[in-house]
Every structure is written in structure tokens, then in C-alpha cells.
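Below is one structure, written out as C-alpha cells, with a few remarks after it.
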Amino acid sequence: MLRITIKVGSNVLTGADRMLNVARMESLVAQIAGLRAAGHKVILVSSGAVAAGRGVISGFADLNPVAQRQLLSSVGQVKLIDQYKQLFDQQGMKIGQLLVTKQDLGTRTHYLNMKNCFETLWQNDVIPVVNENDAVSLAGLMFTDNDELSGLVASMMDCDRLIILSNIDGIFDGDPSDPSSKVITEVADGMSVSRYVRASKSDFGRGGMVTKCRMAQKTAQAGIDVYIANGATPDVISRVVADDASLVRTHFAAGQKSTAVKKWIAYSDGFATARIIVNQGAADALVSPSHVSSLLPVGVREFEGDFRKDDIVLIVGPDGATVGVGRAAMDKDTAVKQAFAAKQKPLVHYDYLYVYPKVSE
């Protein structure tokens, strides 16, 4: 039995007429039904609300971007979930809708409450259908896109696989429009594909292939196999789960499993209240692959911003590069005093520290 999160992008769900592609949705739902029949647990993270809204409402061109998003996502989410309900009903399956904002996951308590909700749905044979609540999300605290949300959900629920369905076959080693370019089928732990990825975004979504790659590598490093595949490929979900060797896709190989707390910490950098600038010695110790280290106050060069005990903080090296993110074990004033103490207590303990991987080219 596998735990699987499936993320479906807006361009997978919409046709050239900007309306929902019901035939495509029906195929995806049937494949999910097949996974459930085989005993697998599934979460569906679905974009498409804004795109669906564009298909049913007009006269919004004069609105500002925030108002447009609120209008289209509010109207479109109703259409999107209603279509999913009809299709899952045909398969004899129940769904539950979860509209998430980034603030819902900002504290450990909220995070665990959300996790409990997913577990309850699974226990009652309900498929969670998840989307960001664009109608109320604040611009400064939005997920980069649903790729980020799907990675967080997959990590939170200790999934075995995350399948990201896009409108291309995977990560190409060149321009996807160039016939000589080929899909990179396997990305090993620590391998960088950044030089291959363009920064262009989709027609409907906020993100693009850059955010997909960053999120895929972060999620894979938490111990989850991540696949980027073309949602238009027949039986694509079933073929990914079956490890069909003939399927063209990009696979980010899973690294070592992270602890539950570290998984939460890894996706909490957007909630950081302060930056802690460390010296080179501390930075080197934190990223060392040969041993684990906590951050001690003596390794701090300066603080940027105030923080309290249990706040999320960014740890930055002397070169300005972010080393990691963690939960402070003391407030700023105590940390300043501890810097001169003979016996040091961790400012950020290793158990509550996520160090960004050093990815080679």
C-alpha cells in the first residue's frame, strides 16, 4: 500500500477554449479510483479554480489583480469541485474539499491539526481534494503555487510518491521546443537541473518549471519519490505508480527519510521572523555531511530582526546565502547573553533545524 499525492496543474485541466477539459478530468479520476481499489491512499491537489472561473465569467478585466483572483477563484472553485464530485460519484467514491492558506500551516499546532484532518478523511475512505484558498490568501503569504502546496502535503502525510502532472513530459536538457532536446528521466539526490530550466510560467498558474524543480528536489530530499509527467499522456498516473519503463517522465529519486518535525521545518521558511547571520565556521559546521551540528550563539555574527522562543528563523552565512531554517530555542535577548557564556546552549537545536542541501552542478 502506497501513500500518493497527485498534483494536477491548470493547463492539464483546461482546453484551448479555456474551459475545463471534462474528458481529461474523467480519465484522471478513473485512474485515482483504480489506485484506491488497489488499496493505495491518495490525495489530489488540484489547481484550476481561477482557470475555471475564466470560463464562466466575464467583465473582470478592469478589476485589479487581487480582485480578479478573488472573483475568479471564488466562482471557479465551485465549478471545479462540483465537476470533481460528479466524476468521483460515478466511481462510487466520496471526496472532501480542503481550501488551504499558508497561514493554516504556520505553526506546529496548525500543521498537526491539518495532518489530523487528512488522516480522518483517509480513515473514512474519503479522497481529499486540496487547493489553495486564493480568494482569501494574502499576496505576501501565498504559496508559490500548488507545486509548493503539494510538496508540503506529501511531506506532512509521509507519502511515498508525489506525482506532478504538467503540460510537458518532464525536465528537458534543452529547450522543450527543440526536437534535439531530451527529457532527463532520472535526477539523483544532490544533482542539479537548474541550468536546464527556463523561468517561464504557465498561462493560468503562478509558478513554472523552476518552482517545480525546487519543490521536487526539496520533497525528494525528505524521502519521497517525485515524478513530473505530462497529464495528457494516457493512463499517466497508473503508469507512474506501476513504474512503466516506457513512460517518458522525470523522476527525482528519494533521499533519506526526514523526521516529522524536520519536514515541517523544511516548509516553514516563509514564516521566518528574523535572520541570523552566522560566521564561516558555524556555516561550515552546519552543512558538514560528516556530522550533525546545532547552531550555538557563539557562532552568530549578527541578528536581523527580533524573535521569540519557538519562532521560525532563517540562518544565513557570511556570504549572504541561506544555510537553513529552524526553530529558535530561545529569544533574541537570551541568545545575545548566551554568546558570552562559558557553557553554550543551542540557539537552534539540530532536531529543529533544516539545512538547505548543497546541490552540485
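The values are calculated or read from the model by the stated rules, or taken from the named source; none is laboratory data. Small disclaimer: the values here were computed from a predicted structure and weren't measured. Methodologically, a virtual Cβ is constructed for each residue, glycine included, from the backbone with ideal geometry; neighbour enumeration extends over all protein chains shown. Ligands, DNA and RNA are stripped out before the accessible areas are found, and what is left, the full protein with its side chains, is counted by its heavy atoms. Shrake-Rupley method; radii C 1.70, N 1.55, O 1.52, S 1.80 Å.
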Item to complete: Could you pull the accessible area for Leu72 with a 1.4 Å probe, rounded to 10 Å²?
Response: 0 Å²
Worksheet, complete the sentence: So the number of lysine pairs in the stretch 1-140 with alpha-carbon atoms under 15 angstrom apart, 8 or more residues apart or on different chains, is 5
Worksheet entry | Theoretical FRET efficiency, 1/(1+(r/R0)^6), r = Cβ-Cβ of Phe271 and Asp173, R0 45 Å, to 0.05 | 0.80
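Ordering Asp145, Asp17 by how much accessible area each has at a 1.4 Å probe, largest first, what is the list? Walk me through the numbers before you get to the answer.
Numbers: Asp145 15, Asp17 105 Å².
Result, largest first: Asp17, Asp145.
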Worksheet, complete the sentence: Net charge near Leu247 (other residues with Cβ under 11 Å of its Cβ; Lys, Arg +1; Asp, Glu -1) is -2
Discussion item. With every protein chain left in place and a probe of 1.4 Å, what is the accessible surface of Asp306, to the nearest 10 Å²?
Written reply: 110 Å²
Item to complete: Excluding Val8 itself, calculate the net charge of residues whose Cβ lies under 14 Å from the Cβ of Val8, where each Lys or Arg counts +1 and each Asp or Glu counts -1.
Response: -1
Practice prompt. Give me the accessible area of Tyr111, 1.4 Å probe, in Å² rounded to the nearest 10.
Written response: 10 Å²
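Nearest-5 percent of antiparallel DSSP beta bridges in the chain? Spell out each step's value before the answer.
Values: 19 of 52 bridges.
For the chain, the DSSP antiparallel bridge percentage is about 35.
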Worksheet item: Sorted by accessible area (1.4 Å probe), largest first, how do Val78, Val240, Val248 line up?
Response: Val78, Val248, Val240
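What order do you get for 153-160, 252-259 when each peptide is scored by the mean count of other beta carbon atoms within 10 Å, highest first? Numbers along the way, then the final one.
Details: 153-160: 22.5, 252-259: 16.1.
Listed from highest to lowest mean packing, they are 153-160, 252-259.
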Worksheet item: Which of Arg327, Arg54, Arg301 moves most in a GNM of the chain, Cα contacts under 10 Å?
Response: Arg301
Worksheet item: Can you list the aspartates and glutamates whose alpha carbon sits under 18 Å from that of Lys263, skipping same-chain ones fewer than 8 residues off?
Response: Asp104, Glu119, Asp147, Glu148, Asp158, Asp160, Asp189, Asp225, Asp310, Asp311, Asp351
Worksheet item: Using modelled amide H (1.01 Å from N, peptide plane; none on Pro or chain starts), what sits under 5 Å from the amide H of Ile171, excluding residues fewer than 5 places away?
Response: Ile184, Thr250
Response to the item:
Cross-link reach from Lys337 to lysines, straight Cα distance under 30 Å and at least 8 residues apart if same chain, gives Lys262, Lys309, Lys345
Worksheet entry | Accessible surface of the stretch 273-359, 1.4 Å probe, proportion on carbon and sulfur as whole % | 52 percent
Worksheet entry | Rel. contact order, % - alpha carbon contacts under 8 angstrom, at least six apart, the stretch 256-361 | 32 percent
Fill in: Accessible area in square angstrom per residue, the stretch 43-86, 1.4 angstrom probe
44 Å²
Response to the item:
Treating only Lys and Arg (+1) and Asp and Glu (-1) as charged, each at its beta carbon, one finds that the stretch 142-182 has a dipole about its Cα centre, in Debye to the nearest 20, of 100 debye
Item to complete: Check cross-link reach from Lys182 to the aspartates and glutamates: straight Cα distance under 12 Å, and skip same-chain residues fewer than eight apart.
Response: Asp169, Asp173
Worksheet item: Once amide H atoms are built 1.01 Å from N in the peptide plane, which residues 5 or more positions from Lys7, or in another chain, come under 5 Å H to H?
Response: Val45, Ile163, Ile164, Leu165
Item to complete: Over the chain, calculate the relative contact order: mean separation of alpha carbon pairs under 8 Å at least 6 apart, over the residue count, as a percent.
Response: 15 percent
Worksheet item: Amide H to amide H under 5 Å from Val226: which residues, 5+ apart in sequence or cross-chain, H placed 1.01 Å off N in plane?
Response: Leu162, Phe252, Ala254
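Assign unit charges at the C-beta atoms only (+1 for Lys and Arg, -1 for Asp and Glu), then state the dipole size of the chain relative to its Cα centre in Debye, rounded to the nearest 20.
Numbers: 38 positive and 38 negative charges, 121 e Å.
I would put it at about 580 debye.
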Worksheet entry | Karplus-derived 3J(HN,Hα), 6.51/-1.76/1.60, for each residue of the stretch 335-350, Hz, glycine and proline x | 5, 4, 5, 5, 4, 9, 7, 5, 10, 8, 9, x, 6, 10, 6, 3
Item to complete: Provide, as a two-decimal number, the C-alpha radius of gyration of the stretch 38-167 over 2.2 N^0.38 Å, N being how many residues it has.
Response: 1.10
Practice prompt. Enumerate the calculated ³J(HN,Hα) couplings along the stretch 28-33 in order (Karplus 6.51 cos²θ - 1.76 cosθ + 1.60, θ = phi - 60°), each rounded to whole Hz, writing x wherever the residue is Gly or Pro.
Written response: 5, 5, 4, 5, 5, 4
Worksheet item: Taking θ as phi - 60°, what are the ³J(HN,Hα) couplings along the stretch 266-279 by the Karplus curve (6.51, -1.76, 1.60), each to the nearest whole Hz, with x for Gly and Pro?
Response: 4, 9, 9, 4, x, 9, 4, 9, 7, 10, 10, 8, 10, 7
